[in-house]
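Everything on this sheet refers to the single structure shown next.
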Amino acid sequence: MVNSLIKVSPVKKEQMAEVIELLQSISEFKPKSDQYDRIWSDFNSQPNVHSIVAVLGDLVVGYGSVIIETKIRGGKIGHIEDIVTHSKFRKQGIGATILDALYEIGRENGSFKFALACKEHNVSFYEKCAYELSGLSMQRYK
């Protein structure tokens with residue numbers, strides 16, 4: 001099984017281009033490659049953001065992140081973001097592996113709750129990974 005060969009680790013700068021390509025399947029936004037150094041510096045300087053990649057051999061086959069927010073009452077919540085799996089490797093447990101790893105990172109950093117927003121067609125996937133529907137998600141763009 002492919003999933004047993006997957007290694008999950010923190011994302012590295014040299015994996016940035018592969019991660020950005022993976023993210024194209026969930027968002028049209030794509031920065032110019034001449035901005036990567038600045039973006040990486042800004043991104044990597046955030047101590048509350050934990051991003052991981054799933055790697056098979058030398059190929060990045062998945063990505064996800066958790067942002068740890070400290071709430072006004074002192075509790076911490078983990079916001080799961082940008083879960084994506086390479087199109088050729090879907091339905092092999094990679095997304096669930098990424099979610100489990102992010103959950104552990106959040107728990108290690110004191111998160112008592114985890115939240116994520118997703119498209120309606122992904123609800124059943126997240127439900128299989130122990131997430132529940134809870135309210136609505138809304139967005140505003142500039």
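The values are calculated or read from the model by the stated rules, or taken from the named source; none is laboratory data. What you see is a predicted model, and the numbers here were worked out from it, not measured in a lab. Using ideal geometry, Cβ is built from the backbone for each residue, glycine included, and neighbour counts are taken over all protein chains shown. Side chains are part of the model used for accessible areas, which takes the heavy atoms of the whole protein and leaves out ligands, DNA and RNA. Shrake-Rupley method; radii C 1.70, N 1.55, O 1.52, S 1.80 Å.
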Point to revise | Surface accessible to a 1.4 Å probe, per residue, for the residues of the chain, Å² | key: 70 Å²
Check your understanding: For the chain, modelled as a GNM with alpha-carbon contacts under 10 angstrom, which of I20, I80, I52 fluctuates the most?
Key -> I20
Review point. When only Cα pairs under 8 Å and 6 or more residues apart are kept, what is the percent relative contact order across the chain?
Key: 22 percent
Check your understanding: Summing +1 for each Lys or Arg and -1 for each Asp or Glu, what net charge is found among the other residues whose Cβ lies under 14 Å from the Cβ of S87?
Key -> +1
Point to revise | Accessible area (Å², 1.4 Å probe, nearest 10) - K119 | key: 130 Å²
Revision key, fill the gap. Per-residue ellipticity at 222 nm attributable to helices in the chain (runs of n ≥ 4 DSSP H, -39500 (n - 2.57) apiece, nearest 500 deg cm²/dmol) works out to -7500 deg cm²/dmol
Review point. If you roll a 1.4 Å probe over the chain with all protein chains in place, what percent of the accessible area is carbon or sulfur?
Key: 51 percent
Practice item. Compute from the Cα atoms of the range 34-111 the Rg and the Dmax, the latter being the longest Cα-Cα distance, and quote both in angstrom. Key: 14.1, 43
Check your understanding: What figure in square angstrom, to the nearest 10, would you give for the accessible area of F112 with a 1.4 Å probe?
Key -> 130 Å²
Review point. Can you tell which of E132, E120, E104 shows the greatest fluctuation in a Gaussian network model of the chain with Cα springs below 10 Å?
Key: E120
Study note, to complete from the structure: GNM of the chain, Cα pairs under 10 angstrom: of A54, A96, A130, the biggest fluctuation goes to A130
